[in-house]
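Once you've had a glance at the structure underneath, I'll fire off some questions.
Every number in this text was worked out from the coordinates using simple rules, so none of it is lab data. Because the structure is a prediction, the values reported are computed rather than measured. In this analysis, Cβ positions are derived from the backbone assuming ideal geometry, glycine residues included, and neighbour counts consider all displayed protein chains.
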Amino acid sequence: MSYDYDDQNVFARILRGEIPNETVLETAHTLAFRDIRPQAPVHVLVIPKGRYVTYDHFAAAATAEEVIDFTRTVARICADLDLAPDVGGGGYRLIANSGADGLQEVPHMHVHILGGRPMGRMVQPA
Ligand code: AMP
């Protein structure tokens, strides 16, 4: 896999403590924080602490421990923020913008958890 990781990207700087963030949850391998430009009443970004560029990069190259930690962190946030349907939440949308066509702005793997209102169409018409 030939992804080049840019150590100066904004999420790398957040992980190094150079830029503040509004942390929702932190674990051994994962950090979740509020998006600075929220697109919904709940808008949380979940990032691995490892140097992964895209979702496919992370899914292919991360250790099993990192993948499980990341996935379970998403589940905990959905439960803790009352989004998960099984705790009476209204549900949520999970987005992983990746690469140019995905309009990925920050080249550090992340997912968006969006909720708190109906999320509308999945993809804008071209
Ligand atoms: P993406 O287009 O999927 O790469 O989205 C990157 C997201 O990062 C955008 O929703 C931005 O609002 C968000 N973002 C950029 N800088 C920060 C920051 N310093 N703290 C929190 N969120 C940020």
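Considering only residues that are in contact (Cβ under 8 Å) with a residue 24 or more places away in the chain and assigned to a strand (DSSP E or B), look in segment 79-118 and name the one that is nearest to the ligand (Cβ to nearest atom).
Per the criteria, the residue is 112.
Restricting the first residue to segment 4-22 and requiring it to be more than 20 Å from residue 38 (Cβ to Cβ), which pairs with a second residue that is away from the ligand (no atom under 13 Å from the Cβ) meet a Cβ separation below 7 Å and a spacing of at least six or different chains?
Matching pairs, first to second residue: 5/51; 15/49.
Look through 67, 74, 53 and report the one residue that is more than 13 Å from residue 111 (Cβ to Cβ), out of contact with any Lys or Arg (no Cβ under 7 Å at 6 or more places or on another chain) and not basic (Lys, Arg).
None of the others qualify; the one that does is 53.
Within segment 2-27, track down each residue that is more than 13 Å from the ligand (Cβ to nearest atom), of a type in the set (Asp, Glu) and either in a helix (DSSP H, G or I) or farther than 23 Å from residue 65 by Cβ (or both).
Matches in segment 2-27: 4 only.
Which of the residues that make up segment 23-56 are of a type in the set (S, T, N, Q) and either crowded, with 18+ Cβ neighbours inside 10 Å or in contact (Cβ under 8 Å) with a residue 60 or more places away in the chain (or both)?
Listed by number, the residues that qualify are 30, 39, 54.
Restricting to segment 28-41, name every residue that is away from the ligand (no atom under 13 Å from the Cβ) and closer than 15 Å to residue 78 by Cβ.
30, 41
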